[in-house]
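**Student:** First the structure, which I've put down as structure tokens, then a few questions once you've had a look.
The values are calculated or read from the model by the stated rules, or taken from the named source; none is laboratory data. As the structure is a prediction and not an experimental result, all values here were calculated from the model. FYI the Cβ positions are ideal-geometry reconstructions off the backbone, even for glycines, and counts take in every protein chain you see. The accessibility values were calculated without ligands, DNA or RNA, using every heavy atom of the protein model including side chains. Shrake-Rupley method; radii C 1.70, N 1.55, O 1.52, S 1.80 Å.
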Amino acid sequence: MDGISFLSPLFLIGAIAAAVPILLHLFHRKTEVVIDFPAVSLLKRAPVQLHRRRKLRELLLLALRVAALLLLALSFARPYLAGASAPSSQPLTVIAVDTSMSMTAPGQMDRARDAALRAASAAPGSHALALIGFGDAATVIVEPTTDRSAIAAAISQLGANATGTRFRTALARASEIIGTREGHVVVVTDLQQSGWESNDDGGLPDGVGLDVIGVPPPAGNLAITSAERRDRRIVASIQNYGNGEVRAPVRLIAGGKEIAKVDVTMAARGAADAELIGSLPAGGDAEVRVDDVTGYQPDNARKIILNPAKAVPIAIVVADPTGSTGGLYVERALKVAGNGREFDVDVRDGREVPRWTAAELSRIAAMFVLGTRTLDRNGRETVRNYLTRGGQVFLAMGPGVDPGTLGDVLGTNVAFEEAPVRTPGATMIASDGRHPIFRPFLHQSGALGDVQVEQHRRLMDQADRTVLARFSGGDAALTEQAAGKGRLIVFTSDLDNEWSRFPLNAAFVPFAVETARYLTKAFRAPSAAATVDARESNPAATTVEEFTNAIERTTRAGLLEAKNAARDIEDRQRWWQVGIVVMLVALAGESLLGRRTT
């Protein structure tokens, strides 16, 4: 739909007010009686000229007053240049294309693009179109539009990447775009079973139509599931996801040269180890590759760091290292990571924190603050400087935290109720299941829901805070926010087995380890390649019927029209602000001209 549109067109009724100054102007006009005067030549011409000039000023005043009222009405109506954007009431077809790793087999994305183009051509002419690409996350590539050439051009540029598959995430994003209007969703995917295994939420509203276009997965896939150095050799495990026996070469490459090669035979749906022996460099990294011409590509290579990485230094600040708030559980959890070699853990009483030198602080990759009661003024300043200058801090708001000095410790606002809230038996629920901290709990069998908390501190709402998990009562359990140049993660209960039984739960160790890994990711030496999700390597697929039956249907009651494309476009253009400025200029001109007239 081209031209100017309005978000709130009812405000245009206010333009009627522009008739008021016009009526007043007409009402005050004086019609002089025409009298024939024989001695016209005796009249001076100047008064006539002054009268005409005054009449011109009055007309200008009238124009400025009318313009100001019209601009006010137009500004409140929130105008925007629609271009090819679709109005929020126009029916919409959303085309969601799977771009996850399971679409990287040769020819798969070509077939997916062809299917998406056919879906765009087959969409009703009265429908606007939108395009989504999805993997771990769902990205709106083209907002709702009537420009079908833009959709076709975007589809032709789609490509797969090394991410997982999250069907519910894609459906939730499509639902947001459709909002309250009539809608239809077309999903182009390989129907991979693992796409339903994550703990995320999402479905389609009642009344929204659905078409699922299946792209056939490859007949089989080879994946390197692990690779490690054992003295002078590299041992890699290769998994065969096909239904037939496969023999494939496995290569070891270092410094751009192949230094070892071995052929490995893998039974149907089986695995085998490849032992690669060669002259390994003293340092750096090496890569193991398996030749797989039919399957997915990102899982055909895995890198190995040849020289062992140094342990990542982590500091734990506690209120009493000898008592119940001594950080014992966090310390033990981190010390088992990487067979005890991944983290170098230093537990410090708050009274010792001021002794850290600037050099020592710069070497700390992350800081767990479990208690602040023993931090003096210098100690609070030390932690604050570490965080606001780029440090990574995890804060547990248990009984060891002094609420009155917390602002001094963090150097940023964390609004909360000082008195702890009692919620016996409250469990923790991930709000963002895709966050790296929750990687071990993506399966439905994950133990995060078994965590029980007896007490916690209630955080107030803050716009700059992201809630990662909530307690079953709705209060925030785990949040993340920026603090200066650093990052702050807050757990609203404790990790010392006083307010919660979390440290005794099976989920505690993976939670603590993944949190530490997330906070220290920028500090670590980069691994040569990210490890792909092993579930994504399995091409096992559902049927279209099974896919459709797995979709949860929701009501439209909770959908907000504020999410439609028209509001987004208007918010970017902000023509109402220009209208207000011009209106103020008109009023200023009217004021100056009015003074001269009177």
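**Student:** Quick one: helix 508-519 against the long Cα principal axis of the chain, what's the angle to the nearest 10°, folded into 0 to 90?
**Tutor:** In the chain, helix 508-519 runs at an angle near 60 degrees to the longest axis.
**Student:** Turning to a different aspect of this structure: Relative to the longest principal axis of the C-alpha atoms of the chain, give the angle of the C-alpha long axis of helix 167-178, reported between 0 and 90° and rounded to the nearest 10°.
**Tutor:** Relative to the chain, helix 167-178 is tipped by roughly 0 degrees.
**Student:** Exactly which trypsin sites (Lys or Arg not before Pro) in segment 183-237 are in a DSSP loop and have at most 10 other Cβ atoms within 10 Å? Walk me through the intermediate numbers first.
**Tutor:** Working: sites: Arg229, Arg230, Arg232, Arg233; in loops: Arg232.
Answer by residue number: Arg232.
**Student:** For segment 456-516, what does the equivalent ellipsoid look like in terms of its semi-axes, each the square root of 5 times an eigenvalue of the Cα gyration tensor, given largest first in whole Å? The partial results should precede the final answer.
**Tutor:** Details: eigenvalues 87, 46, 18 Å².
The answer is 21, 15, 10 Å, longest axis first.
**Student:** Something else: From the C-alpha gyration tensor of segment 376-499, pull out the three semi-axes of the equivalent ellipsoid (sqrt of 5λ each), sorted largest to smallest, in whole Å.
**Tutor:** Working: eigenvalues 123, 60, 30 Å².
Largest first, segment 376-499 gives 25, 17, 12 Å.
**Student:** Also, I was wondering about something else. Using C-alpha positions alone, give me the convex hull volume of the chain per residue in cubic angstrom.
**Tutor:** On the way: hull volume 151.4 nm³, N = 598.
Convex hull volume per residue, Cα atoms: 253 Å³.
**Student:** Also, quick follow-up: May I ask for the net charge around Thr479, where only other residues with Cβ less than 15 Å from the Cβ of Thr479 are counted and Lys, Arg are +1 while Asp, Glu are -1? Could you put the intermediate results ahead of the total?
**Tutor:** Values: positive: Arg457, Arg458, Arg465, Arg470, Arg487; negative: Glu417, Asp432, Asp461, Asp464, Asp475, Glu480.
Combined, the nearby Lys, Arg, Asp and Glu give -1.
**Student:** Rounded to the nearest 0.05, what FRET efficiency is calculated for Asn505 and Ser226 with R0 set to 35 Å and r the Cβ-Cβ distance?
**Tutor:** Working: r = 28 Å, r/R0 = 0.79.
After rounding to 0.05, the efficiency reads 0.80.
**Student:** Let me ask something else. I need the chymotrypsin sites (Phe, Trp or Tyr not before Pro) found in segment 394-494, filtered to DSSP loop residues with at most 16 other beta carbons within 10 Å of theirs. Present the calculation step by step, with values, prior to reporting the outcome.
**Tutor:** Numbers: sites: Phe394, Phe416, Phe438, Phe441, Phe471, Phe491; in loops: none.
Listed in order of number, the matching sites amount to none.
**Student:** Counting C-alpha atoms alone, how compact is segment 153-300: give Rg to one decimal and Dmax as a whole number, in angstrom.
**Tutor:** Looking at segment 153-300, its Cα Rg and Dmax stand at 20.7, 65 Å.
**Student:** I would also like to ask the following. Along each of the three principal axes of the Cα atoms of segment 341-448, give the extent in whole Å, ordering the values from largest to smallest.
**Tutor:** Over segment 341-448, Cα extents along the principal axes are 45, 38, 22 Å.
**Student:** If I compute solvent accessible area with a 1.4 Å probe over the protein chains, what percent of it on the chain is carbon and sulfur?
**Tutor:** Numbers: 15870 of 29830 Å².
Answer for the chain: carbon and sulfur cover 53 percent of the accessible area.
**Student:** When ranked by the protection proxy of mean other Cβ atoms within 10 Å per residue, highest first, what sequence do the peptides 169-179, 509-519 form?
**Tutor:** Values: 169-179: 23.2, 509-519: 21.6.
Taking the mean over residues of other Cβ atoms within 10 Å, the ranking is 169-179, 509-519.
**Student:** Highest mean first, how do 110-119, 573-582, 184-193, 396-405 rank when packing is the count of other Cβ atoms within 10 Å averaged over residues? Intermediate results must be reported in sequence, preceding the final value.
**Tutor:** Working: 110-119: 17.7, 573-582: 14.7, 184-193: 23.6, 396-405: 20.1.
Packing proxy ranking, top to bottom: 184-193, 396-405, 110-119, 573-582.
**Student:** Report the residues of segment 384-403 in range of a label on Asn413: point 7 Å along Cα→C-beta, backbone N strictly under 18 Å from it.
**Tutor:** Within reach of a label on Asn413, which here means backbone N under 18 Å from a point 7 Å along Cα→Cβ, segment 384-403 contributes 388.
**Student:** Run the dipole for the chain about the Cα centre, Lys and Arg Cβ at +1, Asp and Glu Cβ at -1, nothing else charged, and hand back the magnitude in debye, nearest 20.
**Tutor:** Values: 66 positive and 65 negative charges, 603 e Å.
Here the size comes out at about 2900 debye.
**Student:** Can you give the local net charge around Ala419? Use residues other than it whose beta-carbon is closer than 12 angstrom to its beta-carbon, Lys and Arg +1, Asp and Glu -1. The partial results should precede the final answer.
**Tutor:** Values: positive: Arg422, Arg457, Arg458; negative: Glu417, Glu418.
It works out to a net charge of +1.
**Student:** Between helix 108-122 and the chain, what is the angle of the helix's C-alpha long axis to the longest principal axis, kept within 0 to 90° and rounded to the nearest 10?
**Tutor:** 30 degrees
**Student:** Under the √(5λ) rule applied to the eigenvalues of the Cα gyration tensor, what semi-axes describe the equivalent ellipsoid of segment 252-339? Give them in Å, descending.
**Tutor:** On the way: eigenvalues 339, 67, 25 Å².
Ellipsoid semi-axes (Å, largest first): 41, 18, 11.
**Student:** With every protein chain present, what is the per residue accessible area of the chain (1.4 Å probe, Å²)? Could you put the intermediate results ahead of the total?
**Tutor:** Working: 29830 Å² over 598 residues.
Roughly 50 Å² per residue, with all protein chains present.
**Student:** What is the Cα coordinate range of segment 220-371 on the first, second and third principal axes, sorted by size from largest, in whole angstrom?
**Tutor:** Ordered largest first, segment 220-371 gives principal extents of 63, 34, 24 Å.
**Student:** Rounding to the nearest 20 debye, state how big the charge dipole of segment 251-331 is about its Cα centre with +1 on each Lys and Arg Cβ and -1 on each Asp and Glu Cβ. Numbers along the way, then the final one.
**Tutor:** Working: 8 positive and 11 negative charges, 38 e Å.
Approximately 180 debye in magnitude.
**Student:** Tally the DSSP beta bridges in the chain and give the antiparallel ones as a percent, rounded to 5.
**Tutor:** Here the antiparallel bridges make up roughly 60 percent for the chain.
**Student:** Which trypsin sites (Lys or Arg not before Pro) does segment 349-417 hold that lie in a coil by DSSP with at most 15 other beta carbons within 10 Å?
**Tutor:** Values: sites: Arg351, Arg355, Arg363, Arg373, Arg377, Arg380, Arg384, Arg389; in loops: Arg373, Arg389.
Taking segment 349-417 and a limit of 15 other Cβ atoms within 10 Å, the loop trypsin sites (Lys or Arg not before Pro) found are Arg373, Arg389.
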